[in-house]
Amino acid sequence: MSPIAFGAFKIGRNTSTKYPAPYDLPDPPAAARLLNAVLDMGINIIDTAPAYGLSEERIGQAIAHRRDEFILCTKVGETFANNQSTFDFTGPAVRDSIHQSLRRLRTEVIDVVHVHSSGDDLHIMNQTDCIATLQSLRDQGAIRCIGLSAKTVAGAMAALSWADTLMLEYHLHDRSQEVTMAAAAARGAAVFIKKGLASGTLAPGEAIPFILDNPAVTSLVVGSLSIDHLNEALRLARDARSSPRH
């Protein structure tokens, strides 16, 4: 897997975001050019979600014909409409979400599905049938790997009892998940880092080497509409991974 994953939020949604600066959504041809350029430059992980607006649909339209070239990650639990998020972790909702994602993404199988946590990680795992439903879908072959996009350290640690992967926030200003990352690595679980640039407030030249210096990290998710910025992030990541420490 490439050390940088492409975060596909910005190709599908530009309202109610945590990014410091506003941006325009690319039109379908521009989104297609960006997605194909991402694959051409060697990034082979695409991360999306139903809550990312048009993102899944645009991925399906633009690069379904290149499906064997990338690892496809999406999520369940959160939808976004009328400028607000709605969460549903019930079994029927999870099954319908996967069905709709498969249709929009134009694929027969999703490589990784993360639970899109509302913040109460432990409640989702212990009081809903979300995880059992995902395990069933994995057994049926609709999903290859399942995991949690966590909001809490306790939730991420608890998820290691069933998760193939974790998605964790980790950057220079928030190192609270380091203990979880070490535990995940010891168990052979993949670790994807989200918000590694603190939603665009940290400089890539400082943030990316710091993250990839941690041997537990599988890949860092970077969302950008600039091919040049993504190329630079990939260069920084490859330099970090080729350093003597690695």
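The values are calculated or read from the model by the stated rules, or taken from the named source; none is laboratory data. Computed from a predicted model, the values in this text were never measured in an experiment. When we count neighbours, we look across all protein chains shown, and the Cβ atoms used for this are built from the backbone with ideal geometry, even at glycine. Ligands, DNA and RNA are stripped out before the accessible areas are found, and what is left, the full protein with its side chains, is counted by its heavy atoms. Shrake-Rupley method; radii C 1.70, N 1.55, O 1.52, S 1.80 Å.
Side notes on the structure shown:
- Net charge in the neighbourhood of MET167 (other residues with Cβ under 11 Å of its Cβ; Lys, Arg +1, Asp, Glu -1) is +2.
- In the chain, a dipole from Cβ-located charges (positive for Lys and Arg, negative for Asp and Glu) runs towards its positive end, and of GLY200, THR79, PRO92 it is GLY200 whose Cα lies farthest in that direction.
- When +1 charges are put on Lys and Arg Cβ atoms and -1 charges on Asp and Glu Cβ atoms, the dipole computed for segment 1-115 relative to its Cα centre reaches about 120 debye.
- The charge dipole of the chain, taken about its Cα centre with unit charges on the Cβ of Lys, Arg, Asp and Glu (plus for the first two, minus for the last two), comes to roughly 200 debye.
- Chymotrypsin sites (Phe, Trp or Tyr not before Pro), loop per DSSP, at most 16 other Cβ atoms within 10 Å - longest free stretch of the chain: 24-161
- Neighbour-limited loop hits for GluC sites (Glu not before Pro), segment 157-246 (at most 11 other Cβ within 10 Å; DSSP other than H, G, I, E, B): none
- Protein accessible area in segment 34-147, 1.4 Å probe - carbon and sulfur %: 44 percent
- Rg ratio for segment 1-121: its Cα radius of gyration over 2.2 N^0.38 Å, N being its residue count, equals 1.03.
- Heavy atoms of the protein chains alone define the surface here; on that basis the chain has 44 Å² accessible area per residue at 1.4 Å probe size.
- Using C-alpha pairs under 8 Å with a sequence gap of at least 6, the mean separation divided by the residue count of the chain gives a relative contact order of 19 percent.
- Summed side-chain charge close to TYR52 - residues other than TYR52 whose Cβ falls under 15 Å, Lys, Arg +1, Asp, Glu -1: +4
- Considering only ALA185, ALA233, ALA49, the Gaussian network model of the chain with Cα springs below 10 Å gives its largest mean-square fluctuation to ALA185.
- Cα-centred dipole magnitude for segment 163-232, charges only on beta-carbon of K, R (+1) and D, E (-1), debye, nearest 20: 200 debye
- Label-zone membership for segment 186-222, site ALA30, 7 angstrom Cα→C-beta point, backbone N under 20 Å: 200, 222
- A straight chain from GLU69 to PHE87 at 0.36 nm per residue would run longer than the Cα-Cα distance by 3.3 nm.
- For a modelled paramagnetic label at HIS173, 7 Å from Cα along Cα-to-Cβ, the residues of segment 1-35 in reach, with backbone nitrogen under 17 Å, are 17-22.
- Once you reduce segment 87-103 and segment 135-211 to the center of their Cα atoms, the two points are 22 Å from each other.
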